[in-house]
Amino acid sequence: MKRILVTGGAGFIGSNYIRHVLAAVADVSVVNFDALTYAGNLENLAGVDTDPRYQFVRGDIADKAALEALGPVDEIVHFAAESHVDRSIEDAGAFLRTNVTGTQTLLDFARRRSLGRFVHVSTDEVYGTLGPEDPAFSEETCIAPNSPYAASKAASDLLVRAAHHTHGMPVLTTRCSNNYGPFQFPEKLIPLMIANAMEGKALPVYGDGMNVRDWIHVEDHCRAVDLVRQKGRIGEVYNVGGRSERANITVVERILELTGRGRELIRYVKDRPGHDRRYAINDAKIRSELGFTTLHSFEAGLAATVQWYMTERAWWERVRSGAYRGYYERMYGARLGE
C-alpha cells in the first residue's frame with residue numbers, strides 16, 4: 001500500500017483532498033502532517049480520523065527534525081502554505097518561512113529519502129494580473145506575482161522546478177484558480193459573505209467589486225491534484241481551472257439571493273493594496289493530457305456550498321470563536337500551544 005504524506009492536511013483544501021483520496025483510492029494510506037496554525041482545523045477530518053489508513057502527525061514543514069521523525073512514506077502532496085493575501089500584506093514573515101523555507105526543507109527531506117512523486121500545490125496568483133481582454137494564464141505565462149503571498153508561492157514554485165532540473169527529483173506542480181466549498185476558513189470571500197449574510201452583518205466588498213476570479217469547487221480541485229499525482233508527467237506544471245469567471249460583486253449578490261438577504265448589506269470598502277484585477281485559467285493541458293473534467297458547475301456548487309454553511313453553522317461559529325482549537329486537545333490530549 002502506497003503511503004502518501006499530505007502536508008497541510010488539516011486546512012481547507014488539504015482536508016478535502018484527504019477525504020477524496022481515502023474514498024477514491026483503495027491502495028493508499030495518508031499521513032497528515034500539519035502544524036495546526038490558525039487555519040488548521042482537525043474538525044475538518046472528523047470521521048476520517050478513525051480510518052485505519054489515516055494518521056495525523058503534528059509538525060512544521062520548516063522543521064527538519066520533525067520531518068525526519070516521520071515513518072516511511074512513498075510520495076508527498078504538498079498543500080501546506082500561508083495563503084491569505086491580506087495577512088501577507090500586514091506581515092510577510094510567516095509566508096516566507098512556511099512557503100519558501102518550508103518548501104525547501106520538504107524538498108530536501110524528499111531527496112534524502114529518494115521518495116517518489118512530489119506534488120506541489122500552487123496558485124494562479126503567481127502569474128499576476130490580467131486585463132479584461134487578455135488571454136487566460138497558460139503554463140507558459142511568465143510568473144509576475146503582485147502580493148507578498150503570491151511572491152512567496154512563486155518562489156516555492158521555482159524551488160520545486162530547480163529540484164527537478166538540478167537533482168532530477170520527480171516533482172509536479174499544479175496551479176489552481178480560486179477554490180470554494182465545505183470547510184473553507186471564514187476569512188475568505190465566499191464563506192465570509194455567507195456567514196455575514198446569515199448573521200445579518202455587513203458584507204465588505206473591496207473597491208468597486210469588479211475584480212474577476214475563476215472559481216472551482218474544492219472537490220474538483222482535489223480530483224485534479226490526485227490525477228496529477230497518479231498520471232502527470234514528471235517535471236511539468238498543470239493549470240487547474242473551473243472555467244467560471246465571475247466578478248466578486250456578482251458572487252456576493254448571488255450569495256445574498258441564496259441566503260434570502262438584500263443588497264443593503266453590501267458595504268464597499270477601501271481596496272486592498274495592489275489588488276489584482278482579473279485571473280483566468282487556461283486548463284487545456286490537464287484536460288487534454290490527463291482527461292480532467294469538472295463535475296460541479298459554479299451555480300450548483302455555490303448553492304450547495306451555501307446550503308452546507310447553513311446546515312453546518314455550528315462548524316463555522318466554532319471557527320470564528322476559536323473553540324475549534326479544542327478538538328486537538330480532545331483527540332490527542334495536548335494543548336495546541338505545547
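No lab work stands behind these numbers, since they all come straight from the coordinates. Predicted model only: the values in this text are computed from it and were never measured. Every residue, glycine as well, gets a Cβ built from its backbone with ideal geometry; the counts of neighbours run over all protein chains shown.
Normalise the Debye intensity by I(0) for the stretch 2-332, one equal point scatterer per Cα, no solvent, then take log10 at q = 0.07, 0.09, 0.11 Å⁻¹ and round to two decimals. Computed log10 I(q)/I(0) values: -0.26, -0.44, -0.68.
Amide H to amide H distances under 5 Å link Asn211 with Asn248, Ile249, where only residues 5 or more positions off or on other chains count and H is placed in the peptide plane.
Here the chain is scanned for trypsin sites (Lys or Arg not before Pro) in DSSP loops (not H, G, I, E, B) that have at most 10 other Cβ atoms within 10 Å, and the longest stretch holding none of them is 1-269.
If you count Lys pairs in the chain whose Cα atoms are under 26 Å apart, skipping same-chain pairs closer than 8 places in sequence, the total is 11. The ranking of Ser138, Ser321, Ser147 from fewest to most other beta carbons within 10 Å of each one's beta carbon is Ser321, Ser138, Ser147.
Rounded to the nearest 5, what % of the DSSP beta bridges within the chain are antiparallel ones? Don't skip to the end; give the middle numbers.
Numbers: 3 of 40 bridges.
Given both bridge residues lie in the chain, the antiparallel proportion sits at roughly 10 percent.
Residues Met1, Met210, arranged from fewest to most other Cβ atoms within 10 angstrom of their Cβ, appear as Met1, Met210.
Whole-Hz Karplus values for the stretch 215-230 come out as 10, 9, 5, 4, 5, 5, 4, 5, 4, 5, 4, 6, 5, 5, 4, 7 Hz, taken residue by residue from phi with 6.51 cos²θ - 1.76 cosθ + 1.60 and θ = phi - 60°; glycine and proline positions read x.
About the Cα centre of the chain, how large is the charge dipole given +1 on each Lys and Arg Cβ and -1 on each Asp and Glu Cβ? Please answer in debye to the nearest 20.
Values: 40 positive and 43 negative charges, 80 e Å.
Computed charge dipole of the chain: roughly 380 debye.
Label positions at Thr293 and Ser114, each projected 7 Å from the Cα along the C-beta direction, are separated by 4.1 nm.
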